[in-house]
Amino acid sequence: MLGAAESTHLPKPQQLAKRVIALSPHAVEMLFAIGAGDTIVATTDHADYPATAKNIPSIGGYYGIQVERVIELNPDLIVVWQSGNKMEDIKQLQDLGFKLVNSDPKTLADIATNLEQLGQLTGHSIKAKQVADDYRQQLAEIKSNNQNKPAVKVFYQLWSTPLMTVAKGSWIQNLIEVCHGENVFYDAASEYPQISIENVLLTGAEVILQSQDEGNVLGINWADWPELPAVKNQHIYQFDADLLHRATPRAILGVNAVCGALDKVRG
């Protein structure tokens, strides 16, 4: 396995990355956030924030990376994503001698740490620390404001067909916990379990959270099950999936959106 970014020492000026390939949308967004967006020479599909990122060539996606394009671009740093890139691609890039760093935040706190690491590697440490500190402060305030509120039973609809949700270890679980929500499928056997509507009805969920994707929202007509408290009391809310699913400074907006929905349930 590739070592985490925290093992990387502060580079000397001549070692600072000037040509970066970022193999995830969240890494692209982080690099722009710290002022290093102009170092990115290639990225992957769905790297669309900020708008300028759409102009950067894509060299792959979840299906794999065009390694020959990486060789042509000759980057001095590749920011990989162990949870989202194919391990065989990562190993091949490593075997070819490229300098790799893994950006794969697992918690909300990891975002700030990762911002600072990327700042060190690209020579944008001052800006990165400012962004990271601001993010940490906002996150701490949200936690403080929500920790003593009544718990709300949350069902997060990850997708409708098949019906899928999130459990412990998932990224979304981080957001639910900050807002003092109680994930009704927290103890499921996998991080992203497939479930049935009957499973949901047994939970007594007080709120249903969904992404705004049309296929997700229209996939199930929850009005057909008014026995569920979330349906009966019309507590079904949709969100921008990027704010909830991407590990970037904008995750603060996603957390605030989730907390706002839970506050409506508390009424």
Requested in this report: Give the cross-link partners of LYS86 among the lysines, using a straight C-alpha distance below 30 Å as the criterion and excluding same-chain residues fewer than 8 apart.
Outcome: LYS18, LYS54, LYS99, LYS106, LYS168
Query - Cα-based equivalent ellipsoid of the range 214-267: semi-axis lengths in Å, sorted from largest, via gyration tensor - result: 24, 16, 6
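Excluding GLY204 itself, calculate the net charge of residues whose Cβ lies under 14 Å from the Cβ of GLY204, where each Lys or Arg counts +1 and each Asp or Glu counts -1.
On the way: positive: LYS153, LYS232; negative: GLU182, GLU198, GLU206, GLU227.
For residues surrounding GLY204, the net value is -2.
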Report summary line: Shape descriptors of the chain over alpha-carbon atoms, Rg and Dmax in angstrom, are 19.9, 64
Report task. Report the full-extension gain for the segment GLU198 to VAL217: residue separation times 0.36 nm, less the Cα-Cα distance, to one decimal in nm. Result -> 5.0 nm
Report summary line: Restricted to the chain, the DSSP antiparallel beta bridge percent, nearest 5, is 15
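Report Rg/Rh for the range 173-264, rounded to two decimals, where Rg is the Cα radius of gyration and Rh the Kirkwood radius. The partial results should precede the final answer.
On the way: Rg = 13.2 Å, Rh = 14.0 Å.
When Rh is taken as the Kirkwood radius, the ratio is 0.94.
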Query raised in the report: Please report, for the Cα atoms of the range 11-159, the Rg to one decimal and the Dmax as a whole number; what are they, in angstrom?
Result: 16.9, 56
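Computed from the coordinates by the stated procedures, all read-outs in this text should not be read as laboratory data. No experiment lies behind these values; they were computed from the predicted model shown. Don't worry about glycine lacking a Cβ; one is built from the backbone with ideal geometry, like all the others, and counts go over all protein chains shown.
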